[in-house]
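The values are calculated or read from the model by the stated rules, or taken from the named source; none is laboratory data. Please read all numbers here as calculations on a predicted model, not as lab measurements. Every residue, glycine among them, receives a Cβ derived from its backbone with ideal geometry; neighbour counts consider all protein chains shown.
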Amino acid sequence: MSRSKLIRKLKEKNPNLSQIEIELILDNFSESIEKSLLDSKKVELRGFGTFFLKKIKEKFGSRNPKTGEIIYVPEKNKVRFRASKKLKDFINQ
């Protein structure tokens with residue numbers, strides 16, 4: 001679902017809010033998730049799932065698939081999402 005479709009759905013369910021207010025709410029929500037992940041904190045949304053960071057180890061012997069050259073890949077963080085049991089059950093019905 002795209003951002004604009006999500007805003008439309010929220011507007012249908014909350015007709016008393018303007019589109020600008022809904023956009024601000026969505027922006028604040030995503031910014032708070034980003035800030036928490038930057039601080040290496042987990043973000044748990046009960047009944048939906050958990051966002052967390054996972055460290056990916058550095059690699060010394062990786063290859064560039066285009067040239068075949070051996071390259072160094074530094075350590076990095078990746079954002080992961082683990083769905084809650086309730087969400088998994090709902091999807092698999």
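For region 23-70, residues that are β-branched (Val, Ile, Thr) and in contact with a Lys or Arg (Cβ under 7 Å, 6 or more places away or on another chain) total 3.
How about region 7-24: which of its residues are under 24 Å from Ala83 (Cβ atoms) and surrounded by fewer than 13 Cβ atoms within 10 Å (Cβ to Cβ)? Across region 7-24, the qualifying residues are Lys9, Lys13.
The residues of region 38-93 that are within 12 Å of the chain's Cα centre (by Cα) and touching a residue at least 40 places away in the same chain (Cβ under 8 Å) amount to a single one, Val79.
Within region 61-79, is there a residue that is modelled with pLDDT of 95 or more and out of contact with any Leu (no Cβ under 9 Å at 6 or more places or on another chain)? Within region 61-79, none of the residues are modelled with pLDDT of 95 or more and out of contact with any Leu (no Cβ under 9 Å at 6 or more places or on another chain).
Candidates are the residues of region 43-66 that are among the basic types (Lys, Arg) and over 16 Å from Leu87 (Cβ atoms); the one that is surrounded by the fewest Cβ atoms within 10 Å (Cβ to Cβ) is Lys66.
Residues of region 15-52 that are of a type outside the set (A, V, I, L, M), part of a strand (DSSP E or B) and closer than 23 Å to Ser2 by Cβ: Gly49, Phe51.
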